[in-house]
């Protein structure tokens, strides 16, 4: 397993760790998710995290992604404070997309926020 000291993980590290044990949660709005997202990620809008907390495993590392990393960093910090093994995807879906990492649907794009 790759050791990463901080809360921020690069998109490449997240892609590797998703193959091992990492859950990726996309906290963007529905229109952003529909425009393009990471295959295998789970969509829970930032505004719904609190009411859907029971869907997040406390015993599994979980990374959060948004468009640029600001919203997901807030979610990751909040959940870390509650004892979750939470991380932020540094640079968000913008950096993921720019790194040519897997996306779906086939014509995925980064939606404006």
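Sort out which residues of region 86-106 are free of Cβ contacts under 8 Å to residues at least 60 places away in the same chain and either surrounded by fewer than 21 Cβ atoms within 10 Å (Cβ to Cβ) or over 13 Å from residue 33 (Cα atoms) (or both), and write them in order of number. The answer is 94, 98, 100, 106. For region 41-61, a tally of residues being touching a helix residue (DSSP H, G or I) at 6+ places or on another chain (Cβ under 8 Å) and over 20 Å from residue 104 (Cα atoms) returns 4. Looking at 37, 43, just one residue is over 18 Å from residue 10 (Cα atoms), modelled with pLDDT of 95 or more and within 10 Å of the chain's Cα centre (by Cα), and that residue is 43. Among the numbered conditions (1) within 17 Å of residue 7 (Cα to Cα); (2) without any contact (Cβ under 8 Å) to a residue 60 or more places away in the chain; (3) assigned to a helix (DSSP H, G or I), the only one that residue 53 does not meet is (1).
Among the candidates 6, 83, 40, which residue alone is assigned to a loop (DSSP other than H, G, I, E, B), surrounded by fewer than 13 Cβ atoms within 10 Å (Cβ to Cβ), without any contact (Cβ under 8 Å) to a residue 60 or more places away in the chain and touching a strand residue (DSSP E or B) at 6+ places or on another chain (Cβ under 9 Å)?
Working: 83 fails: touching a strand residue (DSSP E or B) at 6+ places or on another chain (Cβ under 9 Å); 40 fails: surrounded by fewer than 13 Cβ atoms within 10 Å (Cβ to Cβ).
Among 6, 83, 40, only 6 is assigned to a loop (DSSP other than H, G, I, E, B), surrounded by fewer than 13 Cβ atoms within 10 Å (Cβ to Cβ), without any contact (Cβ under 8 Å) to a residue 60 or more places away in the chain and touching a strand residue (DSSP E or B) at 6+ places or on another chain (Cβ under 9 Å).
Identify all residues within region 21-34 that are closer than 18 Å to residue 70 by Cβ, surrounded by 13 or more Cβ atoms within 10 Å (Cβ to Cβ) and in contact (Cβ under 8 Å) with a residue 12 or more places away in the chain; write none if there are none. Give the steps one after another, and end with the answer.
Going through region 21-34, the residues closer than 18 Å to residue 70 by Cβ turn out to be 24-29, 31-33.
Still in the list and also surrounded by 13 or more Cβ atoms within 10 Å (Cβ to Cβ): 24-29, 32-33.
Within region 21-34, 24, 25, 26, 27, 28, 29, 32 meet the criteria.
The values are calculated or read from the model by the stated rules, or taken from the named source; none is laboratory data. Everything numeric here is computed off the predicted structure, so don't read it as measured data. Neighbour counts run over all protein chains shown; Cβ positions are idealised from the backbone, glycine included.
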